[in-house]
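The values are calculated or read from the model by the stated rules, or taken from the named source; none is laboratory data. For clarity, every value in this text was computed on a predicted model and none was experimentally measured. Note that each Cβ is placed from the backbone with ideal geometry, even for glycine, and that neighbours are counted across all protein chains shown. For accessibility, only protein heavy atoms count, side chains too; no ligands or nucleic acids. Shrake-Rupley method; radii C 1.70, N 1.55, O 1.52, S 1.80 Å.
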Amino acid sequence: MEYTKLGNSDVTVSRICMGCMGFGDAAKGHHSWILDADQSREIIAYGFEHGITFYDTAIGYADGTSEEYVGRALRSIAGNRDEYQITTKFLPRTDAEREAGVTGQRHVAANLDASLRHLGLDYVDLYICHMWDYHTDMAEVMEGMNEAVKAGKARAIGISNCYAYQLAKMNALAEANGWAKFVSIQSHYNLIAREDERELARLCREDNIAMTPYSALAAGRLSRLPGAEATKRRVEDQVAHSKYDATEAQDDVIINRVAEIARRHETSMTAVSLAWLLAKVTAPVVGMTKPHHVDSALAAVTLKLTDEEIAYLEEPYVPHKLVGVMAFNH
């Protein structure tokens, strides 16, 4: 495993981040493919034993039970708190909160306290605004996140699902007020979803903001040949269908090239897809529910693609429409 600083923070993380959306109470997560507490602990322990120290969850994953399972597992596995790094995320204010006059600051504080209770921890290493809140003054949210850092409840802060101008705007506001700035961005970025390269990736390079993208394997599409037997998640995950079904034909060209390079290196398609991403970002968030998912992610860290191979993988890409959270008409 390789380790690196998270942007401009003093937080050191593994180059692979274990995505924990697949852990939690299935009844609360509304997905049959998520793992229960014991199964979650097994995968977390396997990753930890192989050098993964960075874990990503959210209060919105399975109604907080993902946080509970992840916190419980890591507390029992690791000898010391500084042996692992946890990031969690909070969602925008609810309609009820807005009607009750709950400020952005209070919303951030209440969500972080709830997450810390779920995790059984005193602080998180990275606290992330899950998505831009178009119904709240984001200055309030930014101030609330700064207060979390000042209180020692978060070592650093980041944001997910926002445009480059929004990230730049908030960091400029933070700098003007002497607040903590966003050190990371968690966005939708992989070999078949590269729209972040238009502006966001360059902003992150210039300002040393860590990119920790989710959907690193496009919900498994970059891990197997087109037409291969579908996983339970691929069948059930309607969000992933909305992101990838419309561009399936053009994406399949790239996926077949991933398979070609994987055969050349005698490795998995997962390893090739993540090796490409590791050449671009700080630490991709990779969902893992089986030991071989961990093994393939680890293989990606040591797999160095040539410039020619990278160009070959990138050449067929054509512009995609923004999908998911980024496509909402606000």
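General remarks:
- Matching entry among ILE86, ILE34 (being in contact with a Gly (Cβ under 7 Å, 6 or more places away or on another chain) and closer than 15 Å to VAL286 by Cα): ILE34
- Residues (of a type in the set (Val, Ile, Thr) and more than 26 Å from GLU147 (Cα to Cα)) located in the stretch 160-214: ILE192
- Hits in the stretch 151-169 - residues which are open to solvent by less than 10 Å² (accessible area, probe 1.4 Å) and assigned to a helix (DSSP H, G or I): GLN166, LEU167
- Test: GLU197 is at pLDDT 95 or above, surrounded by fewer than 17 Cβ atoms within 10 Å (Cβ to Cβ) and not β-branched (Val, Ile, Thr): yes
- Of the helices (runs of 4 or more DSSP H) lying entirely inside the stretch 204-278, those containing at least 1 residues that are more than 16 Å from ARG194 (Cβ to Cβ) and at pLDDT 70 or above span 248-265, 269-278.
- Taking the criterion of being open to solvent by 30 Å² or more (accessible area, probe 1.4 Å) and at pLDDT below 95, the residues of the stretch 109-136 that qualify are MET131, TRP132, TYR134, HIS135.
- The numbered conditions (1) open to solvent by less than 50 Å² (accessible area, probe 1.4 Å); (2) farther than 15 Å from LEU191 by Cα are all true for LYS290 except (1).
- Only a single criterion out of (1) open to solvent by less than 40 Å² (accessible area, probe 1.4 Å); (2) farther than 25 Å from HIS31 by Cα; (3) touching a Phe, Trp or Tyr at 6+ places or on another chain (Cβ under 9 Å) is not satisfied by ARG257, namely (1).
- Residues in the stretch 62-91 that are touching a Cys at 6+ places or on another chain (Cβ under 9 Å), in a helix (DSSP H, G or I), open to solvent by less than 30 Å² (accessible area, probe 1.4 Å) and hydroxyl-bearing (Ser, Thr, Tyr): SER66 alone.
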